[in-house]
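The structure appears below as structure tokens.
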Amino acid sequence: MAQELYTDTREYTDADFTGDFILDPDHTTVSFTGKHAMISSVHGLFDEWEAKVSIDVANPENSWVEGAVTTSSLSTRLPQRDAHLKSDDFLNVREYPNMTFVSTDFQIHGSDTVYVTGDMTIRGITKPVVFTVRITGTDTDPFGNYRLGFSARTTFNRQDFNMKFNTRLDSGSLFVGNEVSVSVDGSAIRTSATISADSGHAAV
């Protein structure tokens with residue numbers, strides 16, 4: 001199925017996508033979006049995180065993804081809002097310094113799409129989420145790093161993770177939307193052309 005994982009005109013083989021990868025922090029962003037007053041969106045980034053991926057295209061059940069985000073690294077470019085999001089009304093970064101994702105299922109679909117199901121843990125609460133991942137190709141950079149390009153998306157209800165702060169506006173609408181979208185966009189560097197013998201899921 002590896003020949004299906006491409007978006008350009010080159011012909012790919014299983015070997016082009018198989019192996020262990022680490023997400024490159026210099027060329028990857030971890031961002032989130034939520035509704036403000038239900039009429040506009042607030043966008044933010046997490047600046048500190050790390051993630052690893054092991055892909056076995058011939059046997060997707062052997063593939064895995066794991067990642068951890070430092071919650072205090074959140075930024076929406078507005079200090080007052082950032083302080084509120086880091087408080088106990090939302091992420092409570094003092095008590096819960098990390099949010100994590102550990103995959104439980106890895107499914108290849110169509111020409112360039114992977115569905116990665118896994119356990120998301122926020123504020124000590126673990127819930128299943130599904131990332132839709134679009135593979136955008138591979139190439140070797142001028143420094144000899146073999147790179148895999150990707151774009152991943154998931155959505156969850158913040159109430160499921162005990163982030164319940166809200167208030168009603170005069171219109172009756174909620175001040176803060178419950179749905180949060182998380183995006184991870186960038187490239188991963190291959191560290192080994194063969195997958196780990198371990199199934200992964202060790203602490204990142």
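What lysines could a cross-link reach from LYS86, if we take a straight Cα to Cα line under 21 Å and drop same-chain neighbours fewer than 8 places away? Partners within reach: LYS35, LYS127, LYS164.
Counting beta carbons within 10 Å around each of LYS127, LYS35 and listing the fewest first gives the order LYS127, LYS35. Taking θ as phi - 60° and the Karplus parameters 6.51, -1.76 and 1.60, the scalar couplings of segment 65-82 work out to 9, 8, x, 9, 10, 7, 5, 5, 7, 4, 8, 10, 6, 9, x, 5, 5, 4 Hz in sequence order, x denoting glycine and proline.
You can think of it this way: the chain between THR191 and ASP82 has 35.7 nm of extra reach, that is 0.36 nm per residue less the Cα-Cα gap. Within segment 12-124, the percentage of alpha carbon pairs spaced more than 24 angstrom apart rounds to 38%.
Applying both filters, DSSP loop and at most 15 other Cβ atoms within 10 Å, to the trypsin sites (Lys or Arg not before Pro) of segment 86-169 gives ARG94, LYS164.
No value in this document is a laboratory result; all are computed from the given coordinates. Because the structure is a prediction, the values reported are computed rather than measured. FYI the Cβ positions are ideal-geometry reconstructions off the backbone, even for glycines, and counts take in every protein chain you see.
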